[in-house]
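Below: the structure, in structure tokens.
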Amino acid sequence: MANLETGKQGIWATLRRPSVKYSMLGLLVVGFVSGIVFWGGFNTGMEATNQLEFCVGCHEMRDNVYQEYKYTIHYSNRTGVRAVCSDCHVPKDWTHKIIRKVKASYEIWGKITGKIDTKEKFEANRMAMAEREWARMKARDSIECRNCHSFDAMNPEIQKKTPYKKHMEAKAQGKSCIDCHQGIAHKLPKGFKKPGTEEEEE
Amino acid sequence: MKKLIITAAIAAIAGVGYAGPVLALDVEAAKGVIEQNNCMQCHGLRKDKDGPSFMKTAEKYKGKATAVDEIVKHVTSGKKVKLADGSEENHKIAKTMPPNDAAQLKNLAEYVLSIQPK
């Protein structure tokens, strides 16, 4: 369609031309509603990828880390509060969440190329994958843990004495959860030694 | 006579060779359970921390037939233990994957009992 003023043709000319047919209000309402639909759809789609069922849709997760996680307190406990994969592995705030999701595209490449498609390959890569995730958590001061846990909410009347003492020491030293708590929902990589517990070799 | 000696020799060798269905200690597996349960936060291999060293525990149970069972019970029952500062606390219950895996717990106990002075 030709632009009436400039006589130019093409998609850009059409898009730049003021509407002569639709009212401003009509265009605003349609734009507003479409915005809600597209934005809502996008976020709903993204949230769908945060479901446990989505994560264990691939056998790499289902047959390895998921099986281990099922034995841990984050899956089953006295009060019935469950933390699923995304609660620990995906940031809650939108900006960091979208960054994590974009980075996760590398995992799709791993899936296509079969990087961890057998138990042996998974174990061979477990240390590298775990270290990458621990570094990510450390960089954000274990925010995903702290979404539920906090030093200040720990009650010395209820928490055992030794852990309470260690938690308060960690707080004073400015440490965050992942500095000490690795492998709480999955098996630790073979040969991993917790920092601070190294001592005499056998 | 010669036949008898040969028979006795075979029986002796067989007797020495048979030590029951004993599985070898899997040190790596035991270390895995130890790391997973943060045992080294309170115990050292040969160094006392809030709890006694594994070496000390091995000494305590030396020659005791029920040593393995007692250690397994110690780490799975959550019983009260005395810390280095004299206070008391319930011992952490060791977890395995899958839960309460007798073989892993037995292996862990055998590893503790194997720690000798340097």
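With respect to the conditions (1) in contact with a His (Cβ under 7 Å, 6 or more places away or on another chain); (2) away from every other protein chain (no Cβ under 12 Å), B:Phe54 falls short on a single one, namely (2). Reported count of residues in the range A:61-75, each being facing chain B (nearest Cβ under 10 Å) and either in contact with a Gly (Cβ under 8 Å, 6 or more places away or on another chain) or not in a helix (DSSP H, G or I) (or both), is 4.
So that you can scan it fast, the table gives a plain yes or no per residue for (1) of a type outside the set (Gly, Ala, Ser); (2) within 26 Å of A:Ala170 (Cβ to Cβ):
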{"position": "A:Ser76", "(1), (2)": "no, no"}
{"position": "A:Ser86", "(1), (2)": "no, yes"}
{"position": "A:Val90", "(1), (2)": "yes, yes"}
{"position": "A:Thr118", "(1), (2)": "yes, no"}
{"position": "A:Arg132", "(1), (2)": "yes, yes"}
{"position": "A:Ser142", "(1), (2)": "no, yes"}
{"position": "A:Cys145", "(1), (2)": "yes, yes"}
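The single residue among A:Glu120, A:Glu133, A:Glu157 that is out of contact with any Ser or Thr (no Cβ under 9 Å at 6 or more places or on another chain), part of a helix (DSSP H, G or I), without any contact (Cβ under 8 Å) to a residue 12 or more places away in the chain and assigned by TED's automatic domain parsing to the domain that holds A:Tyr75 turns out to be A:Glu120.
The rows are residues; the columns are (1) under 12 Å from the mean Cα position of the chain (by Cα); (2) surrounded by fewer than 16 Cβ atoms within 10 Å (Cβ to Cβ); (3) more than 9 Å from every other protein chain (Cβ to nearest Cβ); (4) at pLDDT 95 or above.
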residue: B:Ala30; (1), (2), (3), (4): yes, no, yes, yes
residue: B:Glu35; (1), (2), (3), (4): no, no, no, no
residue: B:Asn38; (1), (2), (3), (4): no, no, no, no
residue: B:Tyr61; (1), (2), (3), (4): yes, no, yes, yes
residue: B:Val68; (1), (2), (3), (4): yes, no, yes, yes
residue: B:His74; (1), (2), (3), (4): yes, no, yes, yes
residue: B:Gly78; (1), (2), (3), (4): no, yes, yes, no
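When you go through (1) within 14 Å of chain B (Cβ to nearest Cβ); (2) of a type in the set (A, V, I, L, M, F, W, C); (3) within 17 Å of the chain's Cα centre (by Cα) one by one for A:Phe192, which number turns out not to apply? Going through the list (1) within 14 Å of chain B (Cβ to nearest Cβ); (2) of a type in the set (A, V, I, L, M, F, W, C); (3) within 17 Å of the chain's Cα centre (by Cα), A:Phe192 breaks only (3). Just one of the listed residues (A:Ile108, A:Ile116) is surrounded by 14 or more Cβ atoms within 10 Å (Cβ to Cβ), over 22 Å from A:His74 (Cα atoms) and among the aliphatic types (A, V, I, L, M), and it is A:Ile116.
The values are calculated or read from the model by the stated rules, or taken from the named source; none is laboratory data. Since the model is a prediction, treat every value here as computed from it, not as a measurement. Neighbour counts run over all protein chains shown; Cβ positions are idealised from the backbone, glycine included.
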